[in-house]
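Only one structure is covered here, and it is reproduced in the block below.
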Amino acid sequence: MRALVNGYGFLGKRVARSLLLGKLPGVRLVAVARSTGYLYRPEGLRAEELGNDLSGSPHFVEGSALVLLEDGKVDLLVELTPTNLPSGEPALTNIRTALSRGIDVVTANKAPIALAYRELKEVARSTGALLLFEGTVGGGIPLISLRRFCLRGDEVLTIRGILNGTTNYILSRMHFEGLTFDLALREAQNLGIAERDPTLDIEGYDTALKLLILANAVMGLDRKLDDVRITGISRISADAVALAKEANMAVKLIGSVDADGRLSVAPRLVKLNDPICVHGTLNAVTIRLKTAGDLTLIGEGAGEPTVTSILNDIWEVVTVRGFGSA
Ligand SMILES: NC(=O)c1ccc[n+]([C@@H]2O[C@H](COP(=O)([O-])OP(=O)(O)OC[C@H]3O[C@@H](n4cnc5c(N)ncnc54)[C@H](OP(=O)(O)O)[C@@H]3O)[C@@H](O)[C@H]2O)c1
């Protein structure tokens, strides 16, 4: 199976390296792309060609790797470009192009799945292509796969959780150290936990995108970003956090889909003994099932653990297509 990794950043480099190390038998990494161009070798790329900066290689071609999808040069697109709002591009066009040609897609990019899940799923259905996106929500926590493989016989009634590690880190520092929001944010930025422009995280949009993916892909709803009521954490005061603490509660940025299918993202008071009351950069999600009751999953919602989700999705593609050994 010929694979293209599109987006050679934090995740792209790690996934490409894993594929080159042969962690997934049956996958030949034939192309890796960044915004300015790509490397393509039909016989498969070699580890020494993938430095930190692809453009140093004599095989580097300037231009968009979209042409590799249009010309059917790959069987699998691993789409790991940045999450862009409101357009979802370039990932949306890449994924649409791949699926419409029957090329399987694995992605961790939230925007195209949150913005156009129904449309992309329909294109995939019409061509028989696979569209897998475990890495979009909860890093290494297998939320989408859990629904697909383990909870088919049950009904998901509600979803409630902490889906953004950056805001959880900030709120945790305010809770345990009494820091102000501004100080906790600056600390998170200095540690590389928060972006230089933290708007998407602290204003709740990152959580909203993930919640949308869960609502549409796990609960079978058809919601849009406009359907989510979003309030971020930038106006949470140190006093509010201290008062919550005195009452054995913590302020957490909670994304929820209620029993009536309403989506909201807002700072909420959470009891300290609630299983979703996790701290630091951890994520936690409680899925309420009609028969099985509440199921809570906790784990790192970003960073290296996300690679696990992406590789598992690739493994599934390889297995379904009959290229794998497992
Ligand atoms: N990191 C995480 O923990 C995590 C977790 C879950 C989901 N995600 C999502 O997964 C995706 C990748 O994350 P990441 O952390 O690897 O991001 P990243 O480090 O910013 O890497 C993305 C890379 O894509 C390249 N790029 C930009 N425009 C491109 C284009 N048009 N075509 C090809 N490449 C392009 C960028 O570099 P150049 O412009 O130099 O090419 C950049 O290196 C994002 O959508 C992110 O939201 C990340």
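So that you can scan it fast, the table gives a plain yes or no per residue for (1) open to solvent by 10 Å² or more (accessible area, probe 1.4 Å); (2) more than 25 Å from Gly128 (Cα to Cα); (3) within 14 Å of the ligand (Cβ to nearest atom):
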position	(1), (2), (3)
Leu21	yes, yes, no
Asn52	yes, yes, yes
His59	yes, yes, no
Thr81	yes, no, yes
Asn84	yes, yes, yes
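Per the listing Ala129, Ala124, Ala98, the residue uniquely small (Gly, Ala, Ser) and either in a strand (DSSP E or B) or within 14 Å of the ligand (Cβ to nearest atom) (or both) is Ala98.
The single residue among Glu70, Glu43 that is surrounded by fewer than 20 Cβ atoms within 10 Å (Cβ to Cβ), under 21 Å from Pro112 (Cβ atoms) and over 24 Å from the mean Cα position of the chain (by Cα) turns out to be Glu70.
Quick grid of which residues meet (1) open to solvent by 60 Å² or more (accessible area, probe 1.4 Å); (2) of a type in the set (Lys, Arg); (3) in a strand (DSSP E or B); (4) free of Cβ contacts under 8 Å to residues at least 24 places away in the same chain:
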position: Val251; (1), (2), (3), (4): no, no, yes, no
position: Ser256; (1), (2), (3), (4): no, no, yes, no
position: Ala259; (1), (2), (3), (4): yes, no, no, no
position: Val278; (1), (2), (3), (4): no, no, no, no
position: Thr291; (1), (2), (3), (4): yes, no, no, no
position: Ile298; (1), (2), (3), (4): yes, no, yes, no
position: Thr306; (1), (2), (3), (4): no, no, no, no
position: Ser309; (1), (2), (3), (4): no, no, no, no
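When the helices (runs of 4 or more DSSP H) confined to segment 165-211 are screened for residues that are surrounded by fewer than 24 Cβ atoms within 10 Å (Cβ to Cβ) and out of contact with any helix residue (DSSP H, G or I) (no Cβ under 9 Å at 6 or more places or on another chain), those reaching at least 3 such residues are found at 181-190. Within segment 101-116, if we keep just the residues that are under 23 Å from Ala208 (Cβ atoms) and open to solvent by 30 Å² or more (accessible area, probe 1.4 Å), the residue that is nearest to the ligand (Cβ to nearest atom) turns out to be Lys110.
The values are calculated or read from the model by the stated rules, or taken from the named source; none is laboratory data. Predicted, not measured: the structure shown is a model, and the values here were computed from it. Glycine gets a Cβ as well: all are built from the backbone with ideal geometry, and neighbour counts include every protein chain shown. In case anyone asks, the SASA skips ligands and DNA or RNA and just uses the protein heavy atoms, side chains included. Shrake-Rupley method; radii C 1.70, N 1.55, O 1.52, S 1.80 Å.
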